Ligand SMILES: Cc1cc2nc3c(=O)[nH]c(=O)nc-3n(C[C@H](O)[C@H](O)[C@H](O)COP(=O)(O)OP(=O)(O)OC[C@H]3O[C@@H](n4cnc5c(N)ncnc54)[C@H](O)[C@@H]3O)c2cc1C
């Protein structure tokens with residue numbers, strides 16, 4: 001039997017949970033779907049018992065709300081059934097279908113990787129990916145770790161490395177000092193973030209923070225052994241066991257784009273009520289552009305209320321949410337400017353450096369005059385299991401590609417479930 005709900009929310013991070021709680025409070029039948037094993041999304045993916053206090057009140061509200069929650073549920077297809085949406089998802093061995101009057105997309109963002117020689121060696125992983133392993137309990141037992149890339153996320157990652165017993169050799173921030181100093185007015189305008197930064201600073205006391213430096217190459221036979229770094233003039237080699245390296249985040253826009261919602265690879269477009277260009281589809285959080293947890297919480301609540309048909313921007317709560325959203329989005333734009341990627345990073349890959357790691361496509365196999373479709377057809381870049389989620393943003397950055405059309409399955413799905421009869 002196919003279950004029918006008023007509002008289906010895809011994504012159980014801060015944005016999706018806020019949306020689900022808000023729609024349910026308005027009396028709607030709500031279903032929240034997430035491919036993870038518990039609610040919280042990327043920021044709150046801690047082990048049970050270690051969830052931070054700021055997450056707990058929202059998670060308690062979700063527990064108390066009449067929301068049907070499905071975990072380990074990857075939405076891999078959505079169809080427009082003229083007046084309702086039919087979502088098909090893979091949940092373990094099961095293929096499940098749900099129909100909904102309204103959709104809230106809160107699919108978040110993923111890490112951006114940029115290629116350099118050695119970036120596919122075991123021991124090299126994304127900064128957020130490393131953070132995810134640490135939250136799940138990775139222990140580092142005095143191992144030497146280099147944290148590199150760009151953005152404020154590098155600091156909590158380095159702090160988590162320290163907590164897990166690792167020795168952080170340095171934090172390499174590709175943005176130069178003069179731009180990093182642009183963080184001061186941001187912090188002054190947000191006392192809670194300034195406090196957070198001060199706490200992180202205390203826990204990272206003695207760890208060199210090196211703006212204007214980036215990784216040029218990672219070496220090792222079977223596992224990472226050393227990293228060569230540069231500031232464009234000088235070079236150094238650091239021996240290390242782990243390199244956690246991430247270059248910001250890119251929105252998971254595939255589902256929205258496939259459903260015809262307007263937007264770019266930088267995020268889906270929404271109106272003031274968080275409704276996308278497609279009637280009945282709302283979007284919230286990192287999916288609409290990277291702006292952090294405060295934007296996700298405010299936008300999720302607005303989207304949930306709007307999907308339930310009770311959004312009132314003129315109410316006291318409406319005012320509060322609109323203000324919180326504007327403030328968080330403005331901070332997001334400032335951070336985007338401060339941590340913009342430097343052009344030198346484009347020059348790092350060599351002809352043999354892998355660009356698409358699913359299909360083993362080297363940089364030298366891609367003709368810079370090709371567009372995204374030719375690159376796919378001639379090299380199979382983007383056609384492996386991750387369907388371009390890793391190499392897509394790389395190709396945009398390296399060659400200015402515009403992403404190709406999105407097709408089902410929107411998530412890696414067992415073939416048996418793809419070809420199964422409709423439930
Ligand atoms: C790897 C990573 C680590 C991060 N770590 C931190 C951190 O330590 N501290 C910090 O302040 N910020 C961190 N961030 C940023 C943080 O994600 C945002 O600030 C905020 O949590 C965004 O909330 P959101 O609800 O928009 O998205 P998310 O929290 O990303 O939640 C989106 C959810 O949607 C689910 N999803 C996506 N597509 C589908 C689908 N098709 N089917 C089912 N489920 C789907 C995902 O599983 C995910 O749980 C991290 C981001 C990433 C990518």
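The values are calculated or read from the model by the stated rules, or taken from the named source; none is laboratory data. None of these values were measured; they are calculated from a predicted model. Counting neighbours? That spans all protein chains shown, and the Cβs are built from the backbone with ideal geometry, glycine included.
Go through segment 66-81 and count every residue that is touching a helix residue (DSSP H, G or I) at 6+ places or on another chain (Cβ under 7 Å) and surrounded by fewer than 18 Cβ atoms within 10 Å (Cβ to Cβ). Selection size over segment 66-81: 1. Residues that are assigned to a helix (DSSP H, G or I), buried (at least 18 other Cβ atoms within 10 Å of the Cβ) and within 15 Å of the ligand (Cβ to nearest atom) do occur in segment 35-55, at least one of them.
Of 380, 389, all but one fail to be touching a strand residue (DSSP E or B) at 6+ places or on another chain (Cβ under 8 Å), at positive phi and at pLDDT 80 or above; the exception is 380.
If you check 351, 368 for being loosely packed, with under 13 Cβ neighbours inside 10 Å, in contact (Cβ under 8 Å) with a residue 12 or more places away in the chain and over 20 Å from residue 228 (Cβ atoms), only one passes: 368.
Return the residue satisfying two criteria in turn: it lies in segment 3-20 and is assigned to a strand (DSSP E or B) and more than 9 Å from the ligand (Cβ to nearest atom), and of such residues it is surrounded by the most Cβ atoms within 10 Å (Cβ to Cβ). Residue satisfying both the conditions and the ranking: 9.
Those strands (runs of 3 or more DSSP E) of segment 212-294 in which 3 or more residues are within 16 Å of the ligand (Cβ to nearest atom), more than 21 Å from residue 342 (Cβ to Cβ) and outside the structural domain of residue 145 (by TED's automatic domain parsing) occupy 281-283.
Residue pairs whose Cβ atoms lie under 6 Å apart, separated by 6 or more positions or on different chains, with the first residue in segment 65-92 and in a loop (DSSP other than H, G, I, E, B) and the second crowded, with 21+ Cβ neighbours inside 10 Å, are 65/21; 65/24; 66/24; 71/34. In summary, helices (runs of 4 or more DSSP H) completely within segment 93-191 and bearing 2 or more residues that are away from the ligand (no atom under 14 Å from the Cβ) occur at 177-180, 183-189.
Counting the residues of segment 342-365 that are in a loop (DSSP other than H, G, I, E, B) and either over 29 Å from residue 233 (Cα atoms) or in contact with a strand residue (DSSP E or B) (Cβ under 6 Å, 6 or more places away or on another chain) (or both) gives 5.
Being in contact (Cβ under 8 Å) with a residue 60 or more places away in the chain and surrounded by 13 or more Cβ atoms within 10 Å (Cβ to Cβ): is that true of residue 201 here? Considered against the rule, which asks whether it is in contact (Cβ under 8 Å) with a residue 60 or more places away in the chain and surrounded by 13 or more Cβ atoms within 10 Å (Cβ to Cβ), residue 201 comes out as no. Scanning segment 374-391 for residues that are assigned to a helix (DSSP H, G or I), crowded, with 22+ Cβ neighbours inside 10 Å and either in contact (Cβ under 8 Å) with a residue 60 or more places away in the chain or over 20 Å from the mean Cα position of the chain (by Cα) (or both) returns a single hit, 375. Taken over segment 332-342, the criterion of being more than 14 Å from residue 285 (Cα to Cα) and surrounded by 14 or more Cβ atoms within 10 Å (Cβ to Cβ) is satisfied by 334, 335, 336, 338, 339, 341, 342.
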